[in-house]
1. Can you name every one of the helices (runs of 4 or more DSSP H) wholly within region 3-75 that holds 3 or more residues which are modelled with pLDDT of 90 or more and in contact with a Pro (Cβ under 9 Å, 6 or more places away or on another chain)?
2. Across region 26-49, what is the total count of residues that are under 13 Å from the mean Cα position of the chain (by Cα) and charged (D, E, K, R)?
3. Output the residues belonging to region 21-49 that are hydrophobic (A, V, I, L, M, F, W, C) and open to solvent by 60 Å² or more (accessible area, probe 1.4 Å).
4. What number of residues in region 50-62 are open to solvent by 50 Å² or more (accessible area, probe 1.4 Å) and of a type in the set (Phe, Trp, Tyr)?
Amino acid sequence: MTIKGGSKHYKQGKIEPLELTESQDLGFHLGNVVKYAVRARFYTDKNVVEMAVALDKAIWYCKRYKELYARKRSIRVSKKVR
């Protein structure tokens, strides 16, 4: 079953972020990293603030995933982004 909808900017590439997330079994956190990174690209010429917000969200989800991964494996992970 195909569900129609979603923003048109997600459909401008060869593969939608959702399809990539599902095909790679990325899950919620990394799927949102993909989604917000793709979304940011469409704000570059229009709204720098919205682009920065989208990138901040992608970074937040990435850091959150990193923390959860470390906690599950009882390892210490640097909070510094490299």
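The values are calculated or read from the model by the stated rules, or taken from the named source; none is laboratory data. Just so it is clear, the structure is predicted and the values come from calculations on it, not from any experiment. As a convention, Cβ positions derive from the backbone with ideal geometry for all residues, glycine included, and neighbour counts pool all protein chains shown. Accessible surface is based on the protein model in full, side chains and every heavy atom, while ligands, DNA and RNA are left aside. Shrake-Rupley method; radii C 1.70, N 1.55, O 1.52, S 1.80 Å.
1. On the way: elements: 17-23, 27-41, 48-72.
Qualifying helices (runs of 4 or more DSSP H): 27-41.
2. Our first condition is that a residue be under 13 Å from the mean Cα position of the chain (by Cα); within region 26-49, this holds for 26-41.
Still in the running and charged (D, E, K, R): 35, 39, 41.
Residues that pass the stated criteria total 3.
3. Narrowing region 21-49 to residues hydrophobic (A, V, I, L, M, F, W, C): 26, 28, 30, 33-34, 37-38, 40, 42, 48-49.
PHE28, VAL48, VAL49 - these are the residues of region 21-49 that are hydrophobic (A, V, I, L, M, F, W, C) and open to solvent by 60 Å² or more (accessible area, probe 1.4 Å).
4. As a first pass, look at region 50-62 and keep what is open to solvent by 50 Å² or more (accessible area, probe 1.4 Å): 50, 53, 55-57, 59-60, 62.
Still in the list and also of a type in the set (Phe, Trp, Tyr): 60.
Within region 50-62, residues that are open to solvent by 50 Å² or more (accessible area, probe 1.4 Å) and of a type in the set (Phe, Trp, Tyr) number 1.
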